[in-house]
Amino acid sequence: MLRAAGVGRGDEVVVPAFGNVEVAGAVVLAGAQPVFADVDPLTYCLDPDAVQAVVTARTAAVVVVHRFGRPAEVGRLREAGRRHGVLVVEQGESETPYDEIAQRRERAAFLDGRLRGVRTPDGGVGHTYQQYVVRVPGNGRSDRDAFARALRSRGIECRAPVRTPSHRLPEFRQCVALPETERAVDETLELPVDASLTKRDMQHIVAACNALGGLMRVAS
């Protein structure tokens, strides 16, 4: 898409650093330079204000990535693109059958109403919960990782959705300040909400998270 739009050598393309390594890689393959902008702490998608802050005369495009089933603020980003004469390209997520989305939303609502000690995701309009991502606040990554290990020891599948932001990877390394991206990398944890989970499974997740969340608050 970038090549078809004429993006190439000498151009800059604004992309998120929170995951989606393949996006930065595609920019490089097109011969352009990826420029990383910070994400919104609620959506984990590009923050329109952060994008505007890094746009230069060399900026040819912005690649908007929807994350975890939560749509990005495409309207604001397209408006900024028109204002600066910059192409805005969207990368969507894999499509999920409506029935499965409904079940994921039902399980997400169950967790939203019962989890304590972690910060539940901001639902927002159109959230399909491709991934149910909470935050484990505390003193940094070690708290999140300890929380995840404890959950796994109780038979609950969970993982950090992003381990290393793209701007810290050797092939894309840049010295840029992306505080919300760094915070999200340290605190986020994906919990299961897939359609195969039973009510007992969901209750087990809640009980384990709430017990550990209380311990984390005391420890911090």
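Residue-by-condition table, conditions (1) of a type in the set (A, V, I, L, M, F, W, C); (2) in a loop (DSSP other than H, G, I, E, B); (3) open to solvent by 20 Å² or more (accessible area, probe 1.4 Å):
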residue	(1), (2), (3)
GLN174	no, yes, yes
GLU180	no, no, yes
ASP186	no, no, yes
GLU190	no, no, yes
ASP194	no, yes, yes
HIS204	no, no, yes
GLY213	no, no, no
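Within the range 129-144, does at least one residue satisfy the condition of being over 27 Å from ALA26 (Cα atoms) and either free of Cβ contacts under 8 Å to residues at least 40 places away in the same chain or among the acidic types (Asp, Glu) (or both)?
Yes, the conditions are met somewhere in the range 129-144.
Select from the range 10-40 the residues that are touching a strand residue (DSSP E or B) at 6+ places or on another chain (Cβ under 9 Å) and either assigned to a loop (DSSP other than H, G, I, E, B) or of a type in the set (S, T, N, Q) (or both) and list them in ascending order.
GLY10, ASP11, ALA17, PHE18, GLY19, ASN20, ALA30, ALA32, GLN33, ASP38, ASP40 - these are the residues of the range 10-40 that are touching a strand residue (DSSP E or B) at 6+ places or on another chain (Cβ under 9 Å) and either assigned to a loop (DSSP other than H, G, I, E, B) or of a type in the set (S, T, N, Q) (or both).
For the range 47-70, give me each residue that is surrounded by fewer than 19 Cβ atoms within 10 Å (Cβ to Cβ) and either of a type in the set (Lys, Arg) or over 24 Å from ARG9 (Cα atoms) (or both).
ASP49, ARG58
Go over the candidates TYR44, TYR98 one by one and state the one that is in contact with a helix residue (DSSP H, G or I) (Cβ under 9 Å, 6 or more places away or on another chain) and open to solvent by 10 Å² or more (accessible area, probe 1.4 Å).
On inspection, the qualifying residue turns out to be TYR44.
With touching a residue at least 40 places away in the same chain (Cβ under 8 Å) and open to solvent by less than 20 Å² (accessible area, probe 1.4 Å) as the only criterion, which of ALA160, ALA148 stands out?
The conditions single out ALA148.
Identify all residues within the range 130-144 that are in contact with a strand residue (DSSP E or B) (Cβ under 9 Å, 6 or more places away or on another chain) and either open to solvent by 20 Å² or more (accessible area, probe 1.4 Å) or hydrophobic (A, V, I, L, M, F, W, C) (or both); write none if there are none.
Once the filter is applied, which keeps residues that are in contact with a strand residue (DSSP E or B) (Cβ under 9 Å, 6 or more places away or on another chain) and either open to solvent by 20 Å² or more (accessible area, probe 1.4 Å) or hydrophobic (A, V, I, L, M, F, W, C) (or both), the range 130-144 yields GLN130, GLN131, VAL133, VAL134, VAL136, PRO137.
Give me the residue from the range 108-128 that is touching a residue at least 60 places away in the same chain (Cβ under 8 Å), out of contact with any helix residue (DSSP H, G or I) (no Cβ under 9 Å at 6 or more places or on another chain) and small (Gly, Ala, Ser) and, out of that set, least open to solvent (accessible area, probe 1.4 Å).
My answer is ALA108.
Residues ALA108, ALA50, ALA17, ALA72: which one is more than 19 Å from THR181 (Cβ to Cβ) and of a type in the set (Gly, Ala, Ser)?
None of the other options fit; the residue is ALA108.
The values are calculated or read from the model by the stated rules, or taken from the named source; none is laboratory data. The model shown is predicted, which means the values in this text are computed figures rather than measured ones. Every residue, glycine as well, gets a Cβ built from its backbone with ideal geometry; the counts of neighbours run over all protein chains shown. These accessible areas exclude ligands, DNA and RNA; they are computed on the full protein's heavy atoms, side chains included. Shrake-Rupley method; radii C 1.70, N 1.55, O 1.52, S 1.80 Å.
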